[in-house]
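All remarks here apply to the structure that follows.
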Amino acid sequence: MNGKLIVFEGVEGCGKTTQIQLCGEWLQSLGIPVVITREPGGTELGLHLRRLLLQKAEGESSEPSAFPIADRAELLLYAADRSQHVEELKPILAAGKIILCDRYTDSTVTYQGYGRGLDMNLINKLNTIATNGLKSDLTFWLDVDAEVGLARKHKASAPAAPAKGDRIEQENIAFHRRVQKGYTELAASHPERIVRVDASVSVDAIQRVIQKILLLKLDGWGYKQIKS
Ligand code: T5A
C-alpha cells in the first residue's frame, strides 16, 4: 500500500506545528508509521533555503531583512525547496508511511499568489513542476483570523517585548488578510481535498476534530490495523 501525504495549512500561528506534533504522537500510539516534515526546510538543501527565505536563524531574535529578495526569486526558492522535498518524500510514501507535512503547494498559492500578487498560472505551473504531480491526499486548513494567529506567535516568542518575527511575518496585516482570503477560496474550490478546521478553539478541541476526520480517512485508505 502506498503511504499518504497529509498537509496542514493556514495563516501564521494558526497552530499547525502544535497539531502536527499531537497528531504524530497519536498515530504512533495506534501503530501507524508516520513521518513529520515541513516546507520550507524539510531536507538538508531545504534548511539552507529556509534560512535564506526567512532570514531568521532558529531560536534567535529577529533582525531586519539582511538583503532584498524579489517576489519571483522568492517564488523560485520555495519551488526549489519543494522539488527537493518531493524527491525525498517519494521513498517514504513507497514504504507505506503517513507523512504529516507543515505547508505544501497551497502556501505558495496563498502567500506568493494572494499575498504577493504573483501570476496564478505561473504559480500553478511551478507547483506542478516542483511536485512532479504529487498532490496531498488530505489537507487540513486550520482556520483562524490572521490577527489571532500573529498575536499567538508574538506572545509565544517574547511575551514582554513582542518580536518582529521573520521576513514574512513582518509583512503588514493586509498581506496576511489576503493570505487568509486565499485559503478561504482554495477550500471552496477543492472540497475533495481540503478540510476546514476551526482553529480558534483550544488545542485539545482542534486535535479531537482532526483525529475524528483522520480515523475515517485511515479506514478508507486501508490502514485496518488501527485501534480506535
Ligand atoms: N511560505 C511557505 C510561503 O510564503 N510560501 C510557501 O510556499 C511556503 C511553503 C514558513 C513561512 O514560509 C511561508 C509561510 C511562512 O511565513 P514558519 O516559521 O514555518 O515559516 O511559519 P509557520 O508555518 O507560520 O509556522 P509557525 O510555527 O510559525 O506557526 P504554526 O505552526 O501555525 O503555529 P504553532 O503551532 O507554532 O503555534 C503558534 C503559537 O500559538 C500557540 C502555540 O502554543 C504557539 O505558542 N497555539 C495556540 N494558542 C491558543 N489556542 C490554540 N488553539 C493554539 N494552538 C497553538
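Answer yes or no as to whether LEU45 is away from the ligand (no atom under 13 Å from the Cβ) and part of a strand (DSSP E or B). No; evaluated as a whole, the condition is false for this residue. Among residues of region 192-228 being among the charged types (D, E, K, R) and in a helix (DSSP H, G or I), the one that is farthest from ASP166 (Cα to Cα) is ASP219.
So that you can scan it fast, the table gives a plain yes or no per residue for (1) within 14 Å of the ligand (Cβ to nearest atom); (2) part of a loop (DSSP other than H, G, I, E, B); (3) in contact with a Phe, Trp or Tyr (Cβ under 8 Å, 6 or more places away or on another chain); (4) in contact (Cβ under 8 Å) with a residue 12 or more places away in the chain:
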{"site": "MET1", "(1), (2), (3), (4)": "no, yes, yes, yes"}
{"site": "PHE8", "(1), (2), (3), (4)": "yes, no, yes, yes"}
{"site": "THR18", "(1), (2), (3), (4)": "yes, no, no, yes"}
{"site": "VAL86", "(1), (2), (3), (4)": "yes, no, no, yes"}
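Of all residues in region 119-145, those that are within 11 Å of the ligand (Cβ to nearest atom) and either without any contact (Cβ under 8 Å) to a residue 40 or more places away in the chain or out of contact with any strand residue (DSSP E or B) (no Cβ under 6 Å at 6 or more places or on another chain) (or both) total 5. Would you tally the residues in region 175-195 being within 15 Å of the ligand (Cβ to nearest atom) and either small (Gly, Ala, Ser) or touching a strand residue (DSSP E or B) at 6+ places or on another chain (Cβ under 7 Å) (or both)? Counting residues in region 175-195 that are within 15 Å of the ligand (Cβ to nearest atom) and either small (Gly, Ala, Ser) or touching a strand residue (DSSP E or B) at 6+ places or on another chain (Cβ under 7 Å) (or both) gives 3.
The single condition among (1) more than 8 Å from the ligand (Cβ to nearest atom); (2) at pLDDT below 95; (3) exposed (fewer than 14 other Cβ atoms within 10 Å of the Cβ) that PRO162 does not meet is (3). Pairs are defined by a Cβ separation below 8 Å, a sequence spacing of at least 6 or placement on different chains, a first member in region 179-193 that is closer than 17 Å to TYR111 by Cα, and a second member that is in a loop (DSSP other than H, G, I, E, B); the pairs so defined are VAL179/VAL11; GLN180/VAL11; GLN180/ASP145; TYR183/GLY10; TYR183/VAL11. In the set (1) crowded, with 21+ Cβ neighbours inside 10 Å; (2) touching a residue at least 40 places away in the same chain (Cβ under 8 Å); (3) of a type outside the set (S, T, N, Q), GLY46 fails one condition alone, (2). Among the residues of region 20-42, the ones that are out of contact with any helix residue (DSSP H, G or I) (no Cβ under 9 Å at 6 or more places or on another chain) and not in a helix (DSSP H, G or I) come to 1 in all. Within region 88-104, the residues that satisfy the criterion of being out of contact with any strand residue (DSSP E or B) (no Cβ under 8 Å at 6 or more places or on another chain), touching a residue at least 12 places away in the same chain (Cβ under 8 Å) and not charged (D, E, K, R) are ALA94, ALA95, GLY96.
The values are calculated or read from the model by the stated rules, or taken from the named source; none is laboratory data. This is a predicted model, so every value here is computed, not measured. Reconstructed Cβ throughout: ideal geometry from the backbone, glycine too, with neighbour counts over all protein chains shown.
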